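Participant: Just dropping this structure here.
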Amino acid sequence: MDFRLTDEHRMVQQMVRDFAQKEIAPLVKEYDRKHEPIPGVLERMGELGLLGISIPVRYGGQGMDYITLGLVSEELEYVDSTLRVVMSVHMGLCALSILHWGTEAQKQKFLVPLAKGEKVGAGAFTEPGHGSDFARIQGTARREGDVYILNGEKMWISLATKADYALVTMRTDPHADPPHRGLTAFIVDLHSPGITRGDIKGKLGVRAGSTGWIAFQNVEVPVENRIGEEGEGFKVTMSAFDRGRYTVGAGAAGLIRAALDASVAYARERRTFGQPIGHHQLIKEKIARMARDYEMTRLLYLHTGWLMNQGQRFTRQASLTKWFGTEAAFRAAHDAIQIHGAYGYSDEYDVERFFRNSRGAMIYEGSSEIHTLIQADYALGYRYDKPLRKELPPYDPDEWLAE
Amino acid sequence: MKIVVPVKVVPDTAATIKVEDGRVTWGDAPLVLNPWDEFAVEAALQMVEKHGGTVAVVSVGDEHALEAIRKALAMGAKEAVRIHDPALAHADVRATAQVLAAAVRKMGDVDMVFFGRQAIDGDTGLTPMYTARALGWPFVGLVSAFPEMDPAGRTFTAERSVGEAKQTLRAPMPAVVTIAKEFAEPRYPSFMGIRKASRAKVPVWSLADLGLDAPAAKVRWPEITMPPKREVKVEFIEGETPREIAEKLVDKLIEAKVL
Ligand SMILES: Cc1cc2nc3c(=O)[nH]c(=O)nc-3n(C[C@H](O)[C@H](O)[C@H](O)COP(=O)(O)OP(=O)(O)OC[C@H]3O[C@@H](n4cnc5c(N)ncnc54)[C@H](O)[C@@H]3O)c2cc1C
Ligand SMILES: Cc1cc2nc3c(=O)[nH]c(=O)nc-3n(C[C@H](O)[C@H](O)[C@H](O)COP(=O)(O)OP(=O)(O)OC[C@H]3O[C@@H](n4cnc5c(N)ncnc54)[C@H](O)[C@@H]3O)c2cc1C
C-alpha cells in the first residue's frame with residue numbers, strides 16, 4: 001500500500017491546475033452564458049499534450065499512467081465540467097478504445113493523430129430512442145464487399161460537431177438474440193460523405209461544451225475501420241464506458257472540491273446572527289459532507305486508476321466511482337448554493353454553474369439507476385465479469401515511454 | 001551559451017503566513033518555485049532556444065528545494081544542482097549570494113546568470129546584486145527584453161522597464177540580470193519535461209565542495225511580529241442624485257486628507 005502520488009503525478013496536477021486557472025477560469029462564465037465553447041480550447045489542450053495523456057509515447061502520446069488521467073480529470077472539472085468531458089470522450093471513449101481493441105494499423109492511422117491532438121475523438125452510441133437500453137439500438141451497418149454502409153442517428157453526443165473521429169456502434173445483425181450480440185463498433189471519420197451533425201440547444205448544463213447529434217445516411221466505412229470483430233460491438237462499447245466512467249468519477253472529485261473551496265471561502269466571510277456562518281452547525285454539516293465526499297470519491301477513483309495500471313478488470317470499480325462521485329458532486333453543488341444563500345442563485349458566483357454541470361453526469365455514462373442495478377447485481381452475484389478477448393494494456397513505464 | 005538561473009522554493013502565494021513562537025510559518029501549505037523565478041527560467045529558455053546552449057538551475061536549500069528545481073527542469077532546464085550544508089541554516093542574503101557565486105564559478109563557462117526580481121517570501125530583492133558583486137560581474141535589473149545577445153562577441157543589450165519609460169543599455173558578458181514579468185509569460189512544464197524532471201538525480205554540493213567556509217551572516221532577526229491588524233470601516237454615502245453623492249464623497253476624501 002502506498003497512498004503517495006509520485007513527483008510526476010504532482011507536477012502534472014500542478015501544470016493542469018495552472019492551465020485551467022489561468023486560461024479557462026477567467027473566460028468560462030462568459031462562454032457558459034453564451035452557450036459557446038471557449039475558442040481554441042481543444043487546440044490548447046492538444047498543444048499541452050492533454051489529448052494524448054495516457055497513450056504510449058510510440059503512438060504519439062505522453063506515456064503517463066492511468067492515474068494521471070484521473071488526476072487531470074479532477075483538475076479540469078475543478079474549473080469547468082466541459083473540459084473534463086473532453087477527457088472522457090476523446091480519451092476515455094475514443095483513443096483508449098483504439099489502444100485497447102485496435103490493430104497496429106488502426107493505432108498508426110487513428111490513435112497517433114488523436115494522441116498528438118491533431119484530431120479530436122468522440123464516442124457515439126446513444127440514439128434518440130435508446131440510451132440506457134443501448135443493446136437495442138437501431139442504427140445499422142450493412143456489409144457490402146470491403147465497406148460497411150452506416151445508417152441511423154446518434155443523439156446526445158459530446159463533441160458531436162467538434163470531433164474528427166468517433167467510435168460508433170451500430171447494428172450489424174438485426175435478428176441477433178439476445179440483441180447485444182448483433183452490434184459492431186467502428187472508428188468513423190466524421191468528415192465522411194453522408195454525415196450531418198449539429199449541436200443541441202437549450203441544455204441545463206455543460207453550456208461551454210458541445211453536445212449534439214450525428215446523422216448517418218449511407219456512410220461508407222472501410223472494413224479495416226472496424227474495431228474488434230463483427231458482433232463484438234457491445235463489449236467494445238462497454239469497455240469504453242468503463243474508461244469514460246473512470247474519468248467522470250474522477251472529474252466529480254474536482255467538482256466537489258470546487259464546491260467545497262467556494263463554500264469554505266464564503267462561510268468564513270459571510271456573517272449572520274453576529275458570526276461567520278461557518279460557525280453555524282447546519283453549515284458545518286454541509287461542509288463536512290463535502291469534505292467527506294471529496295475524500296471518498298478521490299479514493300475510489302485512485303483505486304480504479306490503480307487497477308487499470310495493474311491491468312486488472314475495473315468495470316465494477318469504475319461504475320461505483322462514477323455513481324458515488326456524480327451523486328456526491330450534485331449534492332455538494334446543491335449545498336454550495338444553499339451556503340451562498342441568494343448569491344448562490346446568481347451566476348455572479350460559480351456554484352450555480354457547478355450545480356447545473358453536475359446534473360448531466362447522473363444521466364450520461366450510465367444513469368444513477370443503471371449503476372444502482374449494476375452494483376446490486378455484483379453484490380447479489382447476478383453479475384460478474386468474464387475475461388474479454390483482449391484486455392486494456394496495463395501501464396508499463398518502460399513500454400509506454402519507449403520511442 | 002550557458003545560463004544559470006538560481007531558484008528558490010517558497011510557500012504558495014495562497015498560504016497563510018503566521019508568526020508562531022518568534023518564527024515565521026505557513027503550516028502545511030504547498031511549496032512552489034518562486035513565481036518571479038519562473039520568469040527568469042522562461043527568459044533563459046528563450047535565450048538558449050535562440051542562441052543555443054543550456055540552462056542550469058541552482059538552489060540553496062534542503063530537500064524542499066527540489067520542488068523548485070524540478071519545476072524548472074520540467075519547464076526545460078537541462079542541469080540542476082542543489083547546495084545544502086548544515087552550516088547554512090542561518091544564512092542571510094549576503095551569505096546566500098556568496099554561496100551562489102561560488103556555485104556559478106564551479107559550474108564553469110557560465111555566460112549569464114538570470115534571477116527573478118525577488119523572492120515572494122523574504123522580498124528583499126537583494127540576492128541578485130550581492131551575487132553580481134561577489135562574482136565581480138556587471139548587474140542589470142528588471143530586464144524586459146534582450147534586443148541583442150551576442151555570446152561570441154561577449155556583449156548584450158538589455159531593455160529595462162522603468163516606470164512609463166524604457167531604457168536600453170549595453171553590457172559585457174558574463175553578467176547577472178534580473179528578469180521582469182514583462183519579459184514573457186512563463187511556459188507550462190511539458191509532459192516530456194515532467195517525465196525527465198521526476199526522474200532527474202540532482203547532485204548536492206556542500207560548502208566543502210564549493211571550497212567555502214561557512215559565510216557569516218551579518219543580519220540577525222532579534223524579533224519577528226505580525227503586522228498590526230488594520231481596522232476597516234465601511235460607510236455608505238447616500239444622496240438624492242449622483243452629483244450629490246459625488247460631492248459628499250469628495251468632501252469626505254478631503255476631510256480624510258486622501259485628496
Ligand atoms: C450532457 C450529455 C452528454 C452525453 N454524451 C454522450 C456521448 O458522448 N455519447 C453517447 O453515446 N451518449 C451521450 N449521452 C447520452 C447518455 O449516455 C444517455 O442520456 C444515457 O445513456 C441515458 O439514456 P436516455 O437519455 O435515453 O434515458 P433513458 O434510457 O430513456 O432513461 C430514462 C430514465 O429511465 C431510467 N431507466 C432506464 N432503464 C431503467 C431500468 N432498467 N431501471 C430503472 N430505471 C431505468 C434511467 O435511469 C432514466 O432515469 C450524453 C448525455 C448527456 C445529457
Ligand atoms: C429568487 C429570489 C427571490 C427573492 N425575493 C425576495 C423578495 O421579494 N424580498 C426580499 O426581501 N428578499 C428576497 N429574496 C432574498 C431572500 O429572502 C434571502 O436570500 C434569504 O433571506 C437568505 O438570505 P441571504 O441570501 O442573505 O443568505 P444568508 O442569510 O447570508 O445565509 C447564507 C446561508 O447561511 C445559512 N444560515 C444563516 N444563518 C444560519 C444559522 N443561524 N444557522 C444555520 N444556517 C444559517 C442560510 O440558511 C444560508 O444557507 C429573494 C431571493 C431569491 C433567491
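The values are calculated or read from the model by the stated rules, or taken from the named source; none is laboratory data. Everything numeric in this text was worked out from a predicted model, so none of it was measured. So basically every Cβ, Gly included, is an ideal-geometry build from the backbone, and we count neighbours across all protein chains shown. Keep in mind that these areas ignore ligands, DNA and RNA; they rest on the heavy atoms of the full protein, side chains included. Shrake-Rupley method; radii C 1.70, N 1.55, O 1.52, S 1.80 Å.
Participant: Given axes a ≥ b ≥ c from the Cα gyration tensor, I'd like to know whether segment B:2-210 is rounded (a/c under 1.5), prolate (a/b larger than b/c) or oblate. The partial results should precede the final answer.
Facilitator: Details: a/c = 1.40, a/b = 1.36, b/c = 1.04.
Verdict is rounded for segment B:2-210.
Participant: Of all the stretches in chain A, which is the longest one without any exposed loop site, taking chymotrypsin sites (Phe, Trp or Tyr not before Pro) in a DSSP loop (any state but H, G, I, E, B) with at most 12 other Cβ atoms within 10 Å? Write down the numbers at each step before the final one.
Facilitator: Numbers: sites that count: A:Phe3, A:Phe273, A:Tyr382, A:Tyr384.
My reading of the result: A:4-272 is the longest stretch.
Participant: Counting other Cβ atoms within 10 Å, keep those with at most 13, restrict to DSSP loop, and tell me which GluC sites (Glu not before Pro) in segment B:139-191 are left.
Facilitator: Values: sites: B:Glu148, B:Glu159, B:Glu164, B:Glu182; in loops: B:Glu164, B:Glu182.
Answer by residue number: B:Glu164.
Participant: Using Cα pairs under 8 angstrom and six or more residues apart, how large is the relative contact order of chain A, in percent? Mind showing how you got there, number by number?
Facilitator: Working: 786 pairs, mean separation 74.3, N = 403.
Once divided by the residue count of chain A, the mean separation gives 18 percent.
Participant: Continuing with this model, one more query. Can you list the lysines whose alpha carbon sits under 23 Å from that of A:Lys107, skipping same-chain ones fewer than 8 residues off?
Facilitator: The qualifying lysines are A:Lys116, A:Lys119, A:Lys162, A:Lys235, A:Lys390.
Participant: Using the charge dipole of segment B:2-210 (Lys, Arg: +1 at Cβ; Asp, Glu: -1 at Cβ; taken about the Cα centre), state which of B:Tyr130, B:Ala72, B:Ala200 has its Cα farthest towards the positive end.
Facilitator: B:Ala200
Participant: Related question: Could you work out, residue by residue across B:65-75, how many beta carbons of other chains sit within 10 Å of that residue's beta carbon, and then give the average as an integer? Mind dumping the intermediate values first?
Facilitator: Values: counts 0, 1, 4, 0, 0, 4, 3, 0, 1, 6, 1.
Averaged over the peptide's residues, the number is 2.
Participant: If each residue of separation counts as 0.36 nm, what is the full-extension length gain between B:Asp109 and B:Ala208 once their alpha-carbon separation is subtracted? Write down the numbers at each step before the final one.
Facilitator: On the way: separation 99, 0.36 × 99 = 35.64 nm, distance 2.09 nm.
Contour length minus the Cα-Cα distance gives 33.6 nm.
Participant: May I pose another question? Using a/c under 1.5 as the rounded threshold, could you call segment A:122-232 rounded, prolate or oblate? The axes a ≥ b ≥ c are square roots of the C-alpha gyration tensor eigenvalues, and prolate needs a/b larger than b/c, oblate otherwise. All intermediate terms of the calculation are to be shown ahead of the outcome.
Facilitator: Numbers: a/c = 2.22, a/b = 1.43, b/c = 1.55.
Note, shape of segment A:122-232 comes out oblate.
Participant: Which whole number gives the average, over all residues in A:8-16, of C-beta atoms from other chains lying within 10 Å of the residue C-beta?
Facilitator: Working: counts 9, 2, 5, 12, 6, 0, 9, 10, 1.
Counting Cβ atoms of other protein chains within 10 Å of each residue's Cβ and averaging gives 6.
Participant: For chain A, take the longest principal axis of its alpha carbons; what is the angle in degrees between that and the long axis of helix A:281-310, to the nearest 10 within 0 to 90?
Facilitator: Orientation of helix A:281-310: about 30 degrees from the principal axis.
Participant: Write down the accessible area per residue of chain A in Å², having rolled a 1.4 Å probe over the full set of protein chains. Mind showing how you got there, number by number?
Facilitator: Details: 17040 Å² over 403 residues.
Roughly 42 Å² per residue, with all protein chains present.
Participant: Continuing with this model, one more query. Over segment A:7-120, calculate the relative contact order: mean separation of alpha carbon pairs under 8 Å at least 6 apart, over the residue count, as a percent. Before the final figure, lay out the partial values.
Facilitator: Numbers: 118 pairs, mean separation 35.6, N = 114.
Averaging sequence separation for qualifying contacts and normalising by length gives 31 percent for segment A:7-120.
Participant: So, one more: Straight-line reach from B:Lys229: which lysines fall under 18 Å, measuring Cα to Cα and dropping same-chain residues less than 8 apart?
Facilitator: Output for B:Lys229: B:Lys18.
Participant: According to a simple spin-label model (label point 7 Å from Cα along Cα-to-Cβ), what is the distance in nm between A:Lys34 and A:Asp18?
Facilitator: 2.7
Participant: Can you give me the C-alpha center-to-center distance between segment A:22-92 and segment A:324-403, rounded to a whole angstrom?
Facilitator: Measuring centre to centre over Cα atoms gives 16 Å.
Participant: What average number of partner chain Cβ atoms lie no more than 10 Å from the Cβ of the residues making up B:190-202? The partial results should precede the final answer.
Facilitator: Details: counts 5, 15, 5, 2, 12, 9, 1, 3, 7, 4, 1, 0, 0.
That works out to 5 on average.
Participant: How about segment B:55-92: which GluC sites (Glu not before Pro) there lie in a loop by DSSP and see at most 12 other Cβ atoms within 10 Å? Write out the running numbers ahead of the final one.
Facilitator: Values: sites: B:Glu63, B:Glu67, B:Glu79; in loops: B:Glu63.
Hits after loop and neighbour filter: B:Glu63.
Participant: What longest region of chain B stays clear of trypsin sites (Lys or Arg not before Pro) that DSSP places outside H, G, I, E and B and that have at most 13 other Cβ atoms within 10 Å?
Facilitator: On the way: sites that count: B:Arg154, B:Lys201, B:Lys218, B:Arg220, B:Lys229, B:Arg230, B:Lys233, B:Lys257.
The answer is B:1-153.
Participant: So, one more: With both bridge residues required to lie in the protein assembly as shown, what share of the DSSP beta bridges run antiparallel, to the nearest 5%?
Facilitator: 65
Participant: Calculate the FRET efficiency for A:Asp133 and A:Tyr345 from the Cβ-Cβ distance with a Förster distance of 60 Å, rounded to the nearest 0.05.
Facilitator: 0.95
Participant: Computing the accessible area with a 1.4 Å probe over protein heavy atoms, can you report the carbon and sulfur percentage for chain B?
Facilitator: Heavy-atom surface of chain B belonging to carbon and sulfur, 1.4 Å probe: 53 percent.
Participant: Each label point is 7 Å from the Cα along the Cα-to-Cβ direction; what then is the distance between the points at B:Glu240 and B:Asp21, in nm?
Facilitator: A separation of 6.5 nm, rounded to one decimal place.
Participant: Nearest 0.05, what FRET efficiency do B:His84 and B:Leu169 give at R0 = 41 Å with Cβ-Cβ as r?
Facilitator: Numbers: r = 36 Å, r/R0 = 0.88.
The pair B:His84/B:Leu169 has a calculated efficiency of 0.70.
Participant: Check each of the GluC sites (Glu not before Pro) in segment A:177-279 and keep only those in coil by DSSP with at most 10 other C-beta atoms within 10 angstrom; list them in order.
Facilitator: none
Participant: Then there is this: May I ask you to derive the relative contact order of segment A:163-211, considering only C-alpha pairs under 8 Å and at least 6 residues apart, and to give it as an integer percent? The partial results should precede the final answer.
Facilitator: Numbers: 44 pairs, mean separation 16.5, N = 49.
Relative contact order here is 34 percent.
Participant: Please get the size of the charge dipole for segment B:2-210, origin at its Cα centre, with Cβ charges of +1 on Lys and Arg and -1 on Asp and Glu, quoted in debye to the nearest 20. Numbers along the way, then the final one.
Facilitator: Working: 24 positive and 25 negative charges, 116 e Å.
Once rounded to the nearest 20, the dipole reads 560 debye.
Participant: Could you give the length gained on full extension between A:His303 and A:Leu27, defined as 0.36 nm per residue of separation minus the Cα-Cα distance, in nm?
Facilitator: Details: separation 276, 0.36 × 276 = 99.36 nm, distance 3.33 nm.
Result: 96.0 nm gained on full extension.
Participant: Using a ≥ b ≥ c from the Cα gyration tensor of the protein assembly as shown (square roots of the eigenvalues), is it rounded, prolate or oblate, where a/c under 1.5 gives rounded and otherwise the larger of a/b and b/c decides, a/b for prolate? Walk me through the intermediate numbers first.
Facilitator: Working: a/c = 2.07, a/b = 1.51, b/c = 1.38.
Here the protein assembly as shown falls in the prolate category.
Participant: With the crude spin-label approximation of a point 7 Å out along Cα→Cβ, what separation in nm comes out for B:Lys201 versus A:Tyr384?
Facilitator: 4.8
Participant: In straight Cα distance, which lysines are under 20 Å from B:Lys181, not counting same-chain residues fewer than 8 positions off?
Facilitator: Candidates past the 8-residue exclusion: A:Lys22, B:Lys8, B:Lys50, B:Lys71, B:Lys166.
Participant: Ok, one more. As a test of the formula, what do you get for the protein assembly as shown when each DSSP H run with n ≥ 4 contributes -39,500 (n - 2.57) and the sum is divided by the residue count, at 222 nm and rounded to the nearest 500 deg cm²/dmol? Numbers along the way, then the final one.
Facilitator: Values: 21 runs with 263 residues, N = 662.
Rounded to the nearest 500, the figure is -12500 deg cm²/dmol.
Participant: With a 1.4 Å probe and every protein chain kept in, tell me what percent of the accessible surface of segment A:122-232 is carbon plus sulfur.
Facilitator: About 46 percent, which is the carbon plus sulfur part of the accessible surface.
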